1. Against the longest principal axis of the chain, how steep is helix 57-69, in degrees 0 to 90 to the nearest 10, with axes from Cα atoms?
2. Could you work out the Rg to Rh ratio of segment 20-148, with Rh taken as the Kirkwood radius (inverse of the mean 1/r over all Cα pairs)?
3. Put one equal scatterer on each alpha carbon of segment 194-252, apply the Debye formula with no solvent term, and list log10 I(q)/I(0) at q = 0.15, 0.17, 0.23 1/Å to two decimals.
4. How big is the charge dipole of the chain about its Cα centre, in debye rounded to the nearest 20, if each Lys and Arg gets +1 on its Cβ and each Asp and Glu gets -1 on its Cβ?
5. Apply the Karplus parameterisation 6.51 cos²θ - 1.76 cosθ + 1.60, with θ equal to phi minus 60°, to every residue of segment 120-136 and state each ³J(HN,Hα) to the nearest whole Hz, in sequence, with x for glycine and proline.
6. I need to check one value: relative contact order of the chain, counting alpha carbon pairs closer than 8 Å and at least 6 residues apart, in percent.
7. Binning every alpha carbon pair distance of segment 83-193 at 10 Å from zero, what are the percents per bin?
8. Can you pull the one-decimal nm distance between simple spin-label points at Phe82 and Ala227, each 7 Å off the Cα toward Cβ?
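The values are calculated or read from the model by the stated rules, or taken from the named source; none is laboratory data. Remember, it's a predicted structure, so these values are computed and weren't measured experimentally. Note that each Cβ is placed from the backbone with ideal geometry, even for glycine, and that neighbours are counted across all protein chains shown. In case anyone asks, the SASA skips ligands and DNA or RNA and just uses the protein heavy atoms, side chains included. Shrake-Rupley method; radii C 1.70, N 1.55, O 1.52, S 1.80 Å.
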Amino acid sequence: MTRVQDLFGSALPPDDPAPLYLRLQSRIKAAIDAGALAPLAALPGEREIAETFGVSRVTVRKALSALVEQGLLMQRQGSGTFVAQPPRKMEQPLSRLTSFTEDMRLRGLTASARWLSREVSLASPREAMRLSLSPSDTVARLRRLRIADAVPMAIECATIPTRYLPDPESVETSLYDALAARGALPVRALQRLSATNLAAADAALLDTHAGAAALEIERLSFLEGGAPVEFTQSFYRGDAYDFVAELNLRRE
Ligand code: GLP
């Protein structure tokens, strides 16, 4: 028996009316669901699969790319097709004002960041409106890929008035630690969540496919006295995050 037959079973029955690529797709999915192919395992080559099942390579490619779309497989240029590793689902309470670093620490994970850009610039009209600045005020902009134990979780773009963060280079892993060190830790925030689909470049950073489901989160945070200190737009991988809200019955 070949490795392909071992993993995906023997020949596809000729009397089944479903298209070949769909039948092949469900064989591959069944092997993943059953654990015969573990996360990060390499699939046999396209040619081997095509020859074993007596189908064309186009059919094999069609079956594989549908599974890539569904997030079950990933393809690396030149090195083949692998089983995707689903990130651990994180639950985030909706009512506590926490930082990414703290959220991860509470789950026993180590937060890190890959810098995508950091700069000081004049506030854009949108930033000036959000942060109650005048157009001549400057802001620090930090764009980071947020990572939990080597798994990319979110892309975050934070804007902070330079009066609270004059030097974006002073941020190491945690923005909130840097703000706390300057006595500018936010104490209240408004947060908006919406569903979105990732553009190709963001999807590549988050190790997923273009169009994958994501959560877009905007946070506007305030200091004790009510002054806005942070406006952040984040894209969290949809398969990695769950938000939990605590609801209480109001008794008069
Ligand atoms: C969360 C929030 C961001 C905030 C960040 C700070 O991810 N969505 O608005 O800027 O935490 O996290 P850290 O202090 O780890 O940089």
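1. On a 0 to 90 degree scale, this one is about 30.
2. Using only Cα positions, Rg/Rh for segment 20-148 is 1.20.
3. So the normalised log intensities are -0.63, -0.71, -0.90.
4. Around 120 debye, computed over the chain.
5. 10, 8, 5, 5, 6, x, 5, 5, 4, 5, 5, 9, 6, 10, 9, x, 8
6. 16 percent
7. All Cα pairs, binned at 10 Å, distribute as 13, 40, 35, 10, 1, 0 percent.
8. For the pair Phe82/Ala227, the computed spacing is 4.7 nm.
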